[in-house]
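Q: Before we start, here is the structure in question, set down as structure tokens.
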Amino acid sequence: MDLGNLQSIAFSAPELILIATAILIFLADLVVRQKEQLGALALFGCAGALIASIGLRMPFSDRWLVQGLFGWGEGWLYSRMVIVDDFAVFFKLLFALAAFVTIWMSLGSREVQDGDEGEYYGLVLASTVGLFYMASAANLLMAYLALELVSLTSYVLTGYLRRNRRSGEAALKYLIYGGVSSAVMIYGMSWLYGLAGSLDYQKLNATVLHGHVEPLTVFVAIVLVLAGLGFKITAVPFHMWAPDAYQGAPIPVTAFLSVGSKAAGFAMMIRLFYPGLSAPAVGDGGGWTFLAGADWPQLMLVLCMATMTLGNLAALGQENVKRLLAYSSIAHAGYTLMGFVVLNDAGLRAMLFYLITYYLMNLGAFLVVMVVANSTGREDLDGYRGLAWRGGAVPAVAMAIFLFSLAGIPPLAGFVGKFYLFAAVVEQRYYLLAAVGFANTLVALYYYVRIIRTMFLDQPRGDEGVVALDTHNAFLLYFLAIPTIVLGIYWAPVIALADRSVRFFLG
Amino acid sequence: MDHVLTLMTFLPLLGAAIVLALPSQHHALIKQVALAATLPTLLLGVWLFVAFDRGTTDFQYVDKVPWIASYNIQYFVGVDGISITMVLLTALLCPLCVLASCGIDKGVKGYFALFLLLETGMLGVFVALDFFLFYVFWEVMLLPMYFLIGIWGGARREYAAIKFFLYTFAGSVLMLIAMLVLYFGSEPHTFDMTVLMQRTGVFDMRTQHLLWMALFVAFAIKIPVFPFHTWLPDAHVEAPTAISVILAGVLLKMGTYGILRINYGILPAATADLAFWALAVLGTFNIVYGALCALAQTDLKKLVAYSSISHMGYVMLGMAAFTPQGINGAVLQMFNHGTITAMLFLLVGVIYDRAHHRNIDGFGGLASVMPVYTGFTALAFFAAMGLPGLSAFISEVLVLLGAWQRYPGLTTVAASAIVLTAGYLLWTMQRMWLGPLNAQYAHLPEIDARELVTLVPLAVIVLVLGVYPHAVLDLINTSLLHLNEIVKAGAATGVALR
């Protein structure tokens, strides 16, 4: 199916709700005194977008809801600019949830409340619109615009703490790296356009499939495009901005960047590289082959190993928990890439599942960082000393759950996610990658346990301050911690969801 | 009693949940609830001991339900002669350890909740028959152990806890790789151990050897085999008494149990090829090395820790012999070492609670102050030495008899090392309990009733198994002979049994 602009509006409800809410917030900001009402409005916007996304497609059934209303399931929107398919809906759900949690966190964050909240919530929603379109875009121009929308709003959000010099520095670094990498990326896109004569992924796919293209040309174009995508997913060597930006940004924004914009980078990358530049292998179940002789999986294999290794090694020596989690999130981008290089649906499914578990445990870890920072104003490891013994038992236990989950220890969600990734790698006999991955898991365990040791095994010295957990944040903490445990014990429906979401509309 | 194993495994977890729900200032109540939570498992264990069918090689009391159907992962538990001894040992030691933990006064709620979680993890490892489930339980047991050593341990607890954690986790990672390779090598893919045991020939010998080595290292860290043993003295010494008992009594057995269940059962041909170097030679080395290290110790707890390394060597040597006596002796030794070393650690705890140090040379003539305590210590020491009439004598003799038939040279070395064992134990006895009384400790109180309750059941078992080993041998014999035949048949298809 291929819908024109006006017809497409019916299928853009999630994005339209977000945009409308954002505009409403900017307007209401002028008259409303109690700014947390704006946050509440933003929460309703996210919830609306979530429901509208579910309205496109029931997450746990095999039915397109809109089919009953419009007789239409998946296909092109806006004259072949974006696609609605299972894959896109999966990410829409994930982003709506990420935005919801971010805004909930922001409402309980002391940092955020000191600034212009109206702008802040509006920008988060605008950024979420960008994320939605990153997952749906099937046209190079649309993809670039969506990515830039996310980037521009993220720069502003990172620099939101106007009186904090670190925040400004972080935003500037982020902006410069982002500008350069997106310039390189659009140059690469111009090569692809030159090859295919079209910005359309489908035409691009037809060109690399049937046309006589020089492998090296395609390869160079891919490398250039990877600069932009690698920047979004914090893959080495485009990761340099991440530790500074993550450390300087307000904590909810850091959480949002590490979960939302990273997942969107993966979504865009998968859509470009799989249905865009590869073809489903004939016969065997769920395999893909790269086209035109441009062996990007080899390149990604190297990037993947470098990303996880560098992220983990750099995290070892960190004294600031936020920065440590920034490096850990780089390492996790590396783990997630393991599913990308194996060229089959099992790998992609593992990636999607991992992004869900990563969403839970990483947001959770940042939430605890925020709770501690709210009470004590500290983000350094020493500020966590004896956390469990000075009133912060619940956050400390929750943090232990999130960190052990990040480390991949059963029975927690992170283990199941890693299990599927490693299973996909071992199944395709990438033994070197598996070995590097396992070695990294071991390294990572050390620095996660270091935080846990500080919280539980060390006794407080008395100067750390008391950590209190209010009900607002406690609610979110349980909302993230309980699924982290439950998904480690029973995850069949969620893996079924991930499995079904690895289905692309190929036109 | 269809779900007896599931009940046994998860009742402690239920207890942990109840403990967490109790108000944290009611220490006595928490301790009582924790004890009550371990008792049903013990009672079910006794029932299992009586009802277990000793004549079949099949897995009994099987519970099998699909868990994650899309990946063919099952919740699959059952016991055979090998695992039932370990289940019984765990069920027996846990209530005793709860009793021995009565002195804990810091973070009481957390301690007992973690302890009960640990019990679930340990029982789960021994009953799991799905490799994925086995792995999950194997790791579940790690987390509480880390905190139990790290929070309630001695002076160097943080170092000991992280070392234990990293060592074991490194092993787990190797196990995970091997598990995935086995899974994808079976058609249709499965984690079901009973199915994997029947499909032994799908890999070429080189892959089988690699898989075997990966699994062996994972388990060897737990046993612990030289050179993977260095976590043990640290962990055992720093852990609180009850946790040392669990570490030495149950956790070490997981290593040898894993080798018997997985390496022997799933990779019999590779077992036949590699057992000589990996099990017999390293096992004998363990015996001698552990004994020599024990001789050099000045800390009583460290001495007991090294004696564990030495005694686990007999298990490995017996397993590697592929004779009925050897393999029976090995599993009997696993059980006996569990009870004896538990006694030893409990006894160390008794003196440490009174004198607040464990320096062997810092005592003297304790026999005149604490005669009952000395009696129990003598019993435990003699049992550890393998004195006839006590349980370890039977198992060590069986091991040596079995091993002699295949490795006379190694067996000679192993048998001679008993002299070293006698040496360090008797010398310690002499320095601490005999000789002139150290006046500083002239008023040490005698062992009290609670401590006696923890020791007497173990002492009774040591005595009974010394004269009637068939109580355990009958349980294990059928399954072990069957396993032995599997390995021999595997050897026939692979390279010749060395």
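Q: Residues of the stretch A:419-431 being facing another protein chain (nearest Cβ under 9 Å) and in contact (Cβ under 8 Å) with a residue 12 or more places away in the chain, which ones?
A: Within the stretch A:419-431, A:TYR420, A:PHE422, A:ALA423, A:VAL425, A:GLU427 meet the criteria.
Q: Taking the stretch A:405-419 only, how many residues are part of a helix (DSSP H, G or I) and over 20 Å from the mean Cα position of the chain (by Cα)?
A: First, the residues of the stretch A:405-419 that are part of a helix (DSSP H, G or I): A:405-407, A:413-419.
Those left that are additionally over 20 Å from the mean Cα position of the chain (by Cα): none.
The number of residues fulfilling the criteria is 0.
Q: Which ones in the stretch B:144-187 are in contact (Cβ under 8 Å) with a residue 60 or more places away in the chain, of a type outside the set (A, V, I, L, M) and in a loop (DSSP other than H, G, I, E, B)?
A: Answer for the stretch B:144-187, where residues must be in contact (Cβ under 8 Å) with a residue 60 or more places away in the chain, of a type outside the set (A, V, I, L, M) and in a loop (DSSP other than H, G, I, E, B): B:GLY153, B:GLY154, B:ARG156.
Q: Could you please find all residues in the stretch B:49-68 being more than 24 Å from the chain's Cα centre (by Cα) and either within 14 Å of chain A (Cβ to nearest Cβ) or within 19 Å of B:PHE134 (Cβ to Cβ) (or both)? It would help to see each step written out before you state the result.
A: Taking the stretch B:49-68 first, the residues more than 24 Å from the chain's Cα centre (by Cα) are B:55-56, B:63-68.
B:ASP63, B:LYS64, B:VAL65, B:PRO66, B:TRP67, B:ILE68 - these are the residues of the stretch B:49-68 that are more than 24 Å from the chain's Cα centre (by Cα) and either within 14 Å of chain A (Cβ to nearest Cβ) or within 19 Å of B:PHE134 (Cβ to Cβ) (or both).
Q: Mind listing whichever residues of the stretch A:152-171 are without any contact (Cβ under 8 Å) to a residue 60 or more places away in the chain and part of a helix (DSSP H, G or I)?
A: A:LEU152, A:THR153, A:TYR155, A:VAL156, A:ARG165
Q: Let me ask something else about it. Just to be sure I understand, how many residues within the stretch A:453-507 are aromatic (Phe, Trp, Tyr) and surrounded by fewer than 21 Cβ atoms within 10 Å (Cβ to Cβ)? Spell out how you get there, then give the answer.
A: Step one: list which residues in the stretch A:453-507 are aromatic (Phe, Trp, Tyr), which gives A:456, A:475, A:478-479, A:490-491, A:504-505.
After this cut, where a residue has to be surrounded by fewer than 21 Cβ atoms within 10 Å (Cβ to Cβ) as well, the list is A:475, A:478-479, A:490, A:505.
Qualifying residue count for the region: 5.
Q: Are any of the residues in the stretch A:479-492 free of Cβ contacts under 8 Å to residues at least 12 places away in the same chain, within 14 Å of another protein chain (Cβ to nearest Cβ), touching a helix residue (DSSP H, G or I) at 6+ places or on another chain (Cβ under 9 Å) and over 20 Å from A:TRP104 (Cβ atoms)?
A: yes
Q: Which ones in the stretch B:8-63 are in contact (Cβ under 8 Å) with a residue 40 or more places away in the chain, surrounded by 14 or more Cβ atoms within 10 Å (Cβ to Cβ) and polar (S, T, N, Q)?
A: B:THR9, B:THR38, B:THR41, B:THR57, listed by residue number.
Q: Got at least one residue in the stretch A:449-472 being under 30 Å from B:LEU174 (Cβ atoms), within 11 Å of chain B (Cβ to nearest Cβ) and acidic (Asp, Glu)?
A: Checked against the condition, which is being under 30 Å from B:LEU174 (Cβ atoms), within 11 Å of chain B (Cβ to nearest Cβ) and acidic (Asp, Glu), the stretch A:449-472 yields no hits at all.
Q: A follow-up question, please. Any residue in the stretch A:420-437 that is within 25 Å of the chain's Cα centre (by Cα), under 29 Å from B:VAL125 (Cβ atoms), not charged (D, E, K, R) and not in a helix (DSSP H, G or I)?
A: no
Q: Then there is this: Of all residues in the stretch B:143-160, count the ones that are within 19 Å of the chain's Cα centre (by Cα) and either at the interface with chain A (Cβ under 7 Å from one of its Cβ atoms) or at pLDDT below 90 (or both).
A: 1
Q: Within the stretch B:366-472, considering only helices (runs of 4 or more DSSP H) that don't extend past its boundaries, which have at least 2 residues that are of a type in the set (Ser, Thr, Tyr) and in contact with a Gly (Cβ under 7 Å, 6 or more places away or on another chain)? Even if it seems obvious, please write down each step before you answer.
A: Details: elements: B:366-369, B:371-385, B:391-404, B:408-432, B:449-467.
In the stretch B:366-472, B:391-404 are the helices (runs of 4 or more DSSP H) which contain 2 or more residues that are of a type in the set (Ser, Thr, Tyr) and in contact with a Gly (Cβ under 7 Å, 6 or more places away or on another chain).
Q: Shifting gears a bit: Which of the numbered conditions does B:SER83 fail, given that it passes all the others? Conditions: (1) under 15 Å from the mean Cα position of the chain (by Cα); (2) under 30 Å from B:GLU451 (Cβ atoms).
A: Checking B:SER83 against (1) under 15 Å from the mean Cα position of the chain (by Cα); (2) under 30 Å from B:GLU451 (Cβ atoms), the one that fails is (2).
Q: Go through the stretch A:174-202 and give me each residue that's crowded, with 16+ Cβ neighbours inside 10 Å, over 13 Å from A:SER151 (Cβ atoms) and not hydroxyl-bearing (Ser, Thr, Tyr).
A: Residues of the stretch A:174-202 crowded, with 16+ Cβ neighbours inside 10 Å: A:174-175, A:177-178, A:181-182, A:184-186, A:188-189, A:191-193, A:195-196, A:198-202.
Checking which are over 13 Å from A:SER151 (Cβ atoms) leaves us with A:184, A:188-189, A:191-193, A:195-196, A:198-202.
Those that are crowded, with 16+ Cβ neighbours inside 10 Å, over 13 Å from A:SER151 (Cβ atoms) and not hydroxyl-bearing (Ser, Thr, Tyr): A:VAL184, A:GLY188, A:MET189, A:TRP191, A:LEU192, A:LEU195, A:ALA196, A:LEU199, A:ASP200, A:GLN202.
Q: OK, next. Looking at (1) outside any helix (DSSP H, G or I); (2) touching a Leu at 6+ places or on another chain (Cβ under 9 Å); (3) more than 25 Å from B:THR120 (Cβ to Cβ), can you tell me which one B:PHE228 breaks?
A: That leaves (2) as the condition not met.
Q: Then there is this: Being without any contact (Cβ under 8 Å) to a residue 12 or more places away in the chain and among the hydrophobic types (A, V, I, L, M, F, W, C) narrows it down to one of B:LEU379, B:LEU366, B:LEU387, B:LEU401, so name that one.
A: Going through B:LEU379, B:LEU366, B:LEU387, B:LEU401 in turn, just one is without any contact (Cβ under 8 Å) to a residue 12 or more places away in the chain and among the hydrophobic types (A, V, I, L, M, F, W, C): B:LEU387.
The values are calculated or read from the model by the stated rules, or taken from the named source; none is laboratory data. Note that this is a predicted model, so its numbers are computed, not measured. Counting neighbours? That spans all protein chains shown, and the Cβs are built from the backbone with ideal geometry, glycine included.
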